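Accompanying notes for the structure given below.
The values are calculated or read from the model by the stated rules, or taken from the named source; none is laboratory data. Source: prediction; values computed, not measured. As a convention, Cβ positions derive from the backbone with ideal geometry for all residues, glycine included, and neighbour counts pool all protein chains shown.
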Amino acid sequence: MQGKPLVMLLAVLYGSAFLAGFNENLVNMALLSIMGEYGVDSITAQWLVTGYMIVATVVVTCMAFFYRRFKLRTLFFSASALSFAGSILGLFAPNFMLLLIARLIQAVGTGIFIPMMMNTILAVTPKNKLGTFMSIGSCMITFGPAFAPVACGGIVTALGWHNVFLVPAIAMALLAVLGFFFIKNLDTSPAHLDMPSVALSSVGLFTLSFGLAELTANTLVALASLAAAVLCIVVFILRQLRCAHPLIDLAPAKSITFWPTLVLVTITMMSTFSMSVLLPLYFEGALGTTAFLAGVIMLAPVLANTFITLLGGRIMDKRGEWPL
């Protein structure tokens, strides 16, 4: 694939990844308003973000199977339908539980969109330009969370927090129309999904997040949850090393050069996503700023990150070594 078909295919996938990233921070600027309307505390409200990330992560771990098993158009339109349905449910959610369900439905779409974009880039782009195309994809994932606080902060300030769900609903509808014309199927191959591994990863992520969230509120429950998380993670790793069809290929972890990057990326992502929740609460709650101003303040560091990402992609193309 090359020329205009390739450009348009990638443009739709880039747009979908941008929207997936946008949805990650969709409600961050509205957390105070949600807490006030539904009468929930900050620990409960943050599950709109944490729960979203857990579900998205579990889906991402399954994408190696989905990408090989299902055609690209099937994956794209399934993710589009889930993202749109979650946005509409969030727009009209009358209580916190339905709002949380809406976020979890959106998260499934996000878990499909981002690895689908990355896998398609690997499959259809020239290898000597892979760094550039991958860095653009990374920028879309970064731009989404960066612009969500600004756009949603303005919407919350001017129109009320429910209306933040209008943005992804309209954008997803437009992308689905474009996808009908420009998303083309790629080859599929036999694949197997190890359900025990899916269950272990899901329970491990939930108990880890729950334990960390409850650490200051209920120490004994938190420690028990963290112990369960460690147990699930250990069993998950052992199963990946022994089962015939592992959910995640842990072969790269055997290389000593893999670990420094993994640790740095983990620390970076933990800092990014924790600050995306805590800073809006601080700016709006403690400093008394508007949701829009808080979003503008949070935009600056992400734009700096985007610039470095693009630069890194160019360096990768220039100095990277690609097998023939």
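Residue-wise test of (1) at pLDDT below 85; (2) farther than 30 Å from PHE143 by Cβ; (3) of a type in the set (Lys, Arg); (4) surrounded by 10 or more Cβ atoms within 10 Å (Cβ to Cβ).
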position	(1), (2), (3), (4)
LEU212	yes, no, no, yes
LEU223	no, yes, no, yes
ALA227	no, yes, no, yes
ILE233	no, yes, no, yes
ILE237	no, yes, no, yes
ALA244	yes, yes, no, no
ALA251	yes, yes, no, yes
SER255	yes, yes, no, no
VAL263	no, no, no, yes
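Every residue, every condition in (1) outside any helix (DSSP H, G or I); (2) over 14 Å from ALA20 (Cα atoms); (3) in contact (Cβ under 8 Å) with a residue 60 or more places away in the chain, yes or no:
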site	(1), (2), (3)
PRO94	yes, yes, no
MET97	no, yes, no
ILE114	no, no, yes
MET117	no, no, yes
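Can you tell me which residue is farthest from LEU193 (Cα to Cα) among those in the stretch 242-267 that are part of a loop (DSSP other than H, G, I, E, B) and under 19 Å from the mean Cα position of the chain (by Cα)?
ILE248
Looking at THR125, THR110, can you tell me which residue is surrounded by fewer than 22 Cβ atoms within 10 Å (Cβ to Cβ) and of a type outside the set (A, V, I, L, M)?
Residue meeting the stated conditions: THR125.
Going through ILE297, ILE315, ILE267 one at a time, which residue ends up being loosely packed, with under 13 Cβ neighbours inside 10 Å and in contact (Cβ under 8 Å) with a residue 12 or more places away in the chain?
Result: ILE315 is the single residue among ILE297, ILE315, ILE267 that is loosely packed, with under 13 Cβ neighbours inside 10 Å and in contact (Cβ under 8 Å) with a residue 12 or more places away in the chain.
Give the residues of the stretch 173-200 that are more than 23 Å from ALA17 (Cα to Cα), touching a residue at least 24 places away in the same chain (Cβ under 8 Å), among the small types (Gly, Ala, Ser) and not in a loop (DSSP other than H, G, I, E, B), sorted by residue number.
Answer for the stretch 173-200, where residues must be more than 23 Å from ALA17 (Cα to Cα), touching a residue at least 24 places away in the same chain (Cβ under 8 Å), among the small types (Gly, Ala, Ser) and not in a loop (DSSP other than H, G, I, E, B): just SER197.
State all residues of the stretch 207-241 that are more than 25 Å from the chain's Cα centre (by Cα) and in a loop (DSSP other than H, G, I, E, B); if no residue qualifies, say none.
Correct list: THR216, ALA217, ASN218.
Which one is nearest to LEU212 (Cα to Cα), of the residues in the stretch 23-45 that are acidic (Asp, Glu) and surrounded by fewer than 20 Cβ atoms within 10 Å (Cβ to Cβ)?
ASP41
Starting from residues that are in contact with a Ser or Thr (Cβ under 8 Å, 6 or more places away or on another chain) and buried (at least 17 other Cβ atoms within 10 Å of the Cβ), keep the ones in the stretch 278-294 and report whichever is modelled with the highest pLDDT.
PHE283
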